[in-house]
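Computed from the coordinates by the stated procedures, all read-outs in this text should not be read as laboratory data. These numbers come from a predicted model, not from an experiment. Cβ placement follows ideal geometry from the backbone for every residue including glycine, while neighbour counts extend to all protein chains displayed.
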């Protein structure tokens, strides 16, 4: 799970950094960056507070990072 999270996060960071460097990163993408992290943190905290374990705590980050990597890969 950690490997998958690292790979999809790196891919997302790569695409977003490229977008920023090229001046193609719009306000919606910046807002998406902030909101997705806040939502993942909220879901992760809830998983930890309810005792669902480490995998459940990492799952929100993994789901979002994979979705972002797929979306940004398409262009």
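Across the alpha-carbon set of the chain, the Rg to Rh ratio works out to 1.03, Rh being the Kirkwood radius. Between helix 27-49 and the chain there is an angle of about 10 degrees, using the helix long axis and the longest principal axis of the Cα atoms. Our summary gives the chain a relative contact order of 47 percent, counting only alpha carbon pairs under 8 angstrom and 6 or more residues apart.
Applying 0.36 nm per residue to the separation of residue 10 and residue 29 and subtracting their alpha-carbon distance, the gain on full extension is 5.2 nm. How far, in degrees from 0 to 90, does helix 54-74 lean away from the longest principal axis of the Cα atoms of the chain, to the nearest 10? With rounding to tens, the tilt is 20 degrees.
The listed peptides 32-41, 61-70, ordered by packing as a protection proxy, come out as 61-70, 32-41 (highest mean of other Cβ atoms within 10 Å first).
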